[in-house]
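Peer 1: Please read through the structure below; I'll follow up with questions.
The values are calculated or read from the model by the stated rules, or taken from the named source; none is laboratory data. Note that the coordinates shown come from a computational prediction; the quantities given were computed from them, not determined experimentally. Neighbour counts are summed over all protein chains in view; Cβ atoms, including those assigned to glycine, are modelled from backbone coordinates with ideal geometry.
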């Protein structure tokens, strides 16, 4: 498994969030999550301009095996979606923490980030799940 | 604790992701399920199917027994080694299981039935066999490996014992040959050519490694599921069960209403045919992006039905499914996916055979 980048925060449901300039948070799923799902074949993206609530489902990733809701780690407005995934959903399998990002949100409440797990806490969660 | 096959530790050493499959701890895949799928369509893959149940039937009354037990007619099996696909029905015509029956000798037939239905199948077979003086032997000491793909037979034959090599390569589709406990059948569940090889569990690990060395890729049950659905093959428990007759499950071709044969479920099937079969199974292709899944609601001109087996077809790059819907011309059909109604195309399975999309599967009908 690839190392968890130190600049990310996580939801227990395996979404990652990366705070960028201007209060924009980029969102994807963890490398662990893509491994569990297997080959991704379809991603249903939100629309730019959609209002999202932290903890609410706003995208869907589907592997051959199963469909899985993607929850937004923060509240705000969707400002960008990863159009590449429409034709190449496997990008998430190949680079979950980079090219495989799913959408970006302009945060409404900066404190939303503080409620998320840091990389060590997320790594611990994965440890516990493995036992 | 789930049951395990003799190859369990081999799967784990290969890095397989293991899942509970009908009470068995089985590999769903060893890496990319889609790559495993393409390996079978384009070259050769192998599956541990040792969870399948092998039942040998012996006795002078065995043919008469099978004429009574099975909805398809073993009268079609005239040459030793020939195989037949059939449903085993209850008195009301519901499918207890689907199986393959091999004619091996005048007083010796072999059944291969599903793993998840093993106990009820054995109970049913034994109960009905008693009046025919047929012995019923279950063989848990046998393992089974399916090798499938355009190059599977030649690669597998290279590691078969010399005595079986020529005979195996000479097999016609849906027939088998044997030597001692080693049993080679030209059958499968993928829509590709290949063998299903039954052998003693004590020999299975070494044989698996030889097959791998011969260039056959280990594949999991995940790929097996997308391959068999593309090939238009039913999965028991998902596409039919004891609440479904073969006529409602796209299996009318497996029912032989031949003159004077009194098989279990026959009168119920004949009554259903007289009164009209209320439901039908159809194939669906989703031309839009997305995946068809078990349980999705299907809307047709004749009413509502549901998706049975549904998946993403790696060969077609589209969602495909079987659905059970009310009888009659379904008209324009749509499937509800996460609250949205999405149009789908009704097709006649199979979707894929021998590596290629079947006629009419990829051509969108203008309407």
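Peer 1: Return yes or no: is residue A:94 surrounded by fewer than 21 Cβ atoms within 10 Å (Cβ to Cβ) and more than 14 Å from every other protein chain (Cβ to nearest Cβ)?
Peer 2: So residue A:94 fails the test.
Yes or no, residue by residue, for (1) surrounded by 19 or more Cβ atoms within 10 Å (Cβ to Cβ); (2) over 20 Å from residue B:319 (Cα atoms); (3) at pLDDT below 95; (4) outside the structural domain of residue B:101 (by TED's automatic domain parsing):
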site	(1), (2), (3), (4)
B:165	no, yes, no, no
B:169	no, yes, no, no
B:173	no, yes, no, no
B:185	yes, yes, no, no
B:196	yes, yes, no, no
B:208	yes, yes, no, no
B:215	no, yes, no, no
B:227	yes, no, no, no
B:231	yes, no, no, no
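Peer 1: Can you spot a residue in segment B:303-325 that is out of contact with any helix residue (DSSP H, G or I) (no Cβ under 9 Å at 6 or more places or on another chain), more than 13 Å from every other protein chain (Cβ to nearest Cβ) and in a loop (DSSP other than H, G, I, E, B)?
Peer 2: Within segment B:303-325, not a single residue is out of contact with any helix residue (DSSP H, G or I) (no Cβ under 9 Å at 6 or more places or on another chain), more than 13 Å from every other protein chain (Cβ to nearest Cβ) and in a loop (DSSP other than H, G, I, E, B).
Peer 1: Does segment A:50-66 hold any residues that are in a strand (DSSP E or B), away from chain B (no Cβ under 14 Å) and crowded, with 17+ Cβ neighbours inside 10 Å, and which are they?
Peer 2: Within segment A:50-66, A:52 is the sole residue that qualifies.
Peer 1: Here is a further query. Here are A:70, A:29: which of them is touching a helix residue (DSSP H, G or I) at 6+ places or on another chain (Cβ under 7 Å) and surrounded by 20 or more Cβ atoms within 10 Å (Cβ to Cβ)?
Peer 2: Answer to the check: A:29.
Peer 1: Just checking, which of A:128, A:44, A:111 is at pLDDT below 95 and farther than 26 Å from residue B:16 by Cα?
Peer 2: Result of the check over A:128, A:44, A:111: A:111.
Matching residues to (1) more than 20 Å from residue B:149 (Cβ to Cβ); (2) touching a helix residue (DSSP H, G or I) at 6+ places or on another chain (Cβ under 9 Å); (3) within 14 Å of chain A (Cβ to nearest Cβ):
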position	(1), (2), (3)
B:8	yes, no, no
B:12	yes, no, no
B:15	yes, no, yes
B:29	no, yes, yes
B:32	no, yes, yes
B:36	no, yes, yes
B:41	no, yes, no
B:45	no, yes, no
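Peer 1: Sticking with this structure for a sec: Quick check: anything in segment A:3-26 within 11 Å of chain B (Cβ to nearest Cβ) and without any contact (Cβ under 8 Å) to a residue 60 or more places away in the chain?
Peer 2: No, there is no match, as no residue in segment A:3-26 is within 11 Å of chain B (Cβ to nearest Cβ) and without any contact (Cβ under 8 Å) to a residue 60 or more places away in the chain.
Peer 1: From the list A:80, A:44, which one is more than 12 Å from chain B (Cβ to nearest Cβ) and either surrounded by fewer than 15 Cβ atoms within 10 Å (Cβ to Cβ) or more than 20 Å from residue B:33 (Cα to Cα) (or both)?
Peer 2: Only one candidate passes the filter, namely A:80.
Peer 1: Every residue in segment B:337-355 that is closer than 24 Å to residue B:192 by Cβ and either within 14 Å of chain A (Cβ to nearest Cβ) or modelled with pLDDT of 95 or more (or both), please.
Peer 2: Those that are closer than 24 Å to residue B:192 by Cβ and either within 14 Å of chain A (Cβ to nearest Cβ) or modelled with pLDDT of 95 or more (or both): B:347, B:348, B:349, B:350, B:351, B:352.
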